[in-house]
Amino acid sequence: MISKKLSLRFVVAGSVATSLLAVPVGVLAFAPESWHELYGAIGKSHESQTLDALRQVIAQVYKTSAPSRSSLRARDVIAAADAKIDTGETKDLGRYHFDGERFVEAQKVIADSVKDVVWGLKNDRLEGARFKLGSSLHTLQDFYSHSNWIEKMNTIPHPEAGRDLTIQNTALTADKTCVECLIINVGCTDCSANLNTTKSI
């Protein structure tokens with residue numbers, strides 16, 4: 001039987017994961033931490049996107065705009081873990097970033113992290129569960145910023161991204177699917193000009 005405390009943990013973890021699947025509309029760029037984005041002036045960082053979503057989840061789940069210290073600490077650990085993926089040994093590993101058409105490997109990173117989060121919640125290893133949640137959110141966020149899903153004018157989450165499923169209709173490694181967005185395009189809401197192919201992501 002699952003305890004009431006553990007049930008609440010699953011509700012919170014599920015709410016966080018679900019809310020963070022939403023595709024950010026109007027985001028110009030991803031950076032690891034808030035200071036890299038000039039605090040919103042040139043885009044939205046992994047860290048600030050995660051903090052914003054967690055604020056919403058905490059407010060919805062706990063029905064308060066003044067969360068407890070432990071909730072704030074959990075939020076900060078998850079957001080820091082998200083930003084940390086762009087540093088150290090994981091920085092250049094494509095499977096953590098959906099880079100180089102590594103859809104299968106990136107999906108596995110997320111699926112394995114979800115298993116680790118569940119294990120951590122069941123075994124009172126909350127710090128590790130928070131870290132794994134944050135790191136998997138980074139990989140999921142990178143699906144949207146490193147694939148051409150947004151450029152194809154999709155406004156809903158991809159039905160397979162971040163789930164233990166195979167993402168269908170992906171490009172080959174050699175296929176160039178998008179043209180790099182430049183900072184001078186700030187204010188442009190039509191990304192279709194960046195798209196090299198309409199067939200695959």
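The values are calculated or read from the model by the stated rules, or taken from the named source; none is laboratory data. None of the values given here were measured: they were computed from a predicted structure. Note that each Cβ is placed from the backbone with ideal geometry, even for glycine, and that neighbours are counted across all protein chains shown. The accessibility values were calculated without ligands, DNA or RNA, using every heavy atom of the protein model including side chains. Shrake-Rupley method; radii C 1.70, N 1.55, O 1.52, S 1.80 Å.
Before moving on, here are some points about what is shown:
- Filtering the range 105-132 to residues that are basic (Lys, Arg), in contact (Cβ under 8 Å) with a residue 12 or more places away in the chain and open to solvent by 80 Å² or more (accessible area, probe 1.4 Å) leaves 108, 122.
- Filtered by the rule that a residue be closer than 17 Å to residue 80 by Cβ, assigned to a helix (DSSP H, G or I) and touching a helix residue (DSSP H, G or I) at 6+ places or on another chain (Cβ under 6 Å), the range 43-67 gives 46, 47, 48, 50, 51, 53, 54, 57, 58.
- Filter result for the condition that a residue is at pLDDT 90 or above and surrounded by fewer than 19 Cβ atoms within 10 Å (Cβ to Cβ), over 160, 180: 160
- Among residues of the range 71-101, those that are without any contact (Cβ under 8 Å) to a residue 24 or more places away in the chain and of a type in the set (A, V, I, L, M), counted: 2
- Residue match in the range 115-136 (condition: hydroxyl-bearing (Ser, Thr, Tyr) and touching a helix residue (DSSP H, G or I) at 6+ places or on another chain (Cβ under 6 Å)): yes
- Among residues that are modelled with pLDDT of 85 or more and farther than 23 Å from residue 54 by Cα, residue 165 is included.
- Those residues of the range 87-104 which are open to solvent by less than 40 Å² (accessible area, probe 1.4 Å) and not β-branched (Val, Ile, Thr), in sequence order: 94, 97, 98, 103
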